[in-house]
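Single-structure report; data block below.
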Amino acid sequence: MKKMSSEVMASLKKDYIYNLMLKGKREDGRAFDEHRKITVQTNVIEKAEGSAKVCIGDTQVLVGVKLQVGAPFPDSPDEGVIITNLEMNPLASPDFEAGPPREGAIEMARVTDRGIRESGAIDLKELCITEGEEVWIVFIDVHVLNDDGNLQDASCLGAIAALMTSKIPSEREGKGEDVKMPIRDIPIGVTLVDIGGELMVDPGLAEETVADSKLTIASNKNGSISAMQKTGEGMLTQEQLLKAVDMACAKAEEIREKYLLNI
């Protein structure tokens, strides 16, 4: 009975959101290409090398960056290492469970990591201490504080904001003076959902639930794409994909200029 009731409610919710879309509206009154209110706070964790708290509407994530000395990968002996993790705290959503990271958390961590890595956001060669022996390992830890949809964009934004405030703790490790993280680019992830053939940026939780498909696009300062991830069973046409890229790049530039250029 409970399962049937939830299925009925989900169906009604989907019809409600779909009918709003047909009228050119969204549940919270936003335009299809409009984000919810975004706030970015940096240096919020005293003991981290860099940190940021990002809110997109009621969605909240906390990102901490820590660095330690370790061995490089054999195929990149003169480059530092990036390791990204994402934790979905059960307190953040009734759908999250305690235990090892689940598929959704692993996927979001990978997309966040890919946007940073493939954009060349960090000059990894600057993180080399002794080629083939010692490099700086950058740990990016994303903690979900509250899930109200679009955790992916909040995670991407929090990660780059935290990195931009990070310092390499050389003095602590006896490796010289502390210096800023060598940032070369500022990738921004923008997520869109397809509901009834219409694309909407920054989906809320209900919109994510009923969407035919979801697409995250991470773009760089020059407009190039550093990461792309699609989920959901729906298919996007070539026209939709090109439109999504244009929308994502435009929103990324807007977010970059408004929230990150003065960090």
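The values are calculated or read from the model by the stated rules, or taken from the named source; none is laboratory data. Bear in mind the structure is a predicted one, so any value in this text is a computation, not a measurement. All Cβ positions, even for glycine, are placed from backbone atoms using ideal geometry, and neighbour counts span all protein chains on display. Just so you know, the surface numbers come from the protein's heavy atoms only, side chains and all, with ligands and any DNA or RNA stripped out. Shrake-Rupley method; radii C 1.70, N 1.55, O 1.52, S 1.80 Å.
Yes/no per residue for (1) out of contact with any Gly (no Cβ under 8 Å at 6 or more places or on another chain); (2) closer than 19 Å to Cys156 by Cβ:
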| site | (1), (2) |
| --- | --- |
| Gly234 | yes, no |
| Thr237 | yes, no |
| Cys249 | no, yes |
| Ala252 | no, yes |
| Leu261 | yes, yes |
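Contact map, segment 19-30: first residue among the hydrophobic types (A, V, I, L, M, F, W, C), second residue at pLDDT 85 or above and not in a loop (DSSP other than H, G, I, E, B), Cβ cut-off under 7 Å, separation 6 or more or different chains; pairs are Met21/Ile195; Met21/Glu198.
Cβ-Cβ contacts under 6 Å between residues 6 or more apart (or on different chains), taken from a first residue in segment 234-263 that is closer than 30 Å to Thr165 by Cα and of a type in the set (A, V, I, L, M, F, W, C) to a second residue that is open to solvent by less than 60 Å² (accessible area, probe 1.4 Å) and in a helix (DSSP H, G or I), are listed as Ile263/Met164. Could you grab me the full set of residues in segment 189-233 that are out of contact with any strand residue (DSSP E or B) (no Cβ under 6 Å at 6 or more places or on another chain), under 21 Å from Arg36 (Cα atoms) and of a type in the set (Asp, Glu)? Within segment 189-233, Glu198, Asp202, Glu208 meet the criteria.
The set of residues in segment 176-188 that are in contact with a helix residue (DSSP H, G or I) (Cβ under 6 Å, 6 or more places away or on another chain), over 24 Å from Lys37 (Cα atoms) and part of a strand (DSSP E or B) contains only Ile183. Those strands (runs of 3 or more DSSP E) of segment 4-120 in which 2 or more residues are open to solvent by 40 Å² or more (accessible area, probe 1.4 Å) occupy 38-42, 59-70, 81-88.
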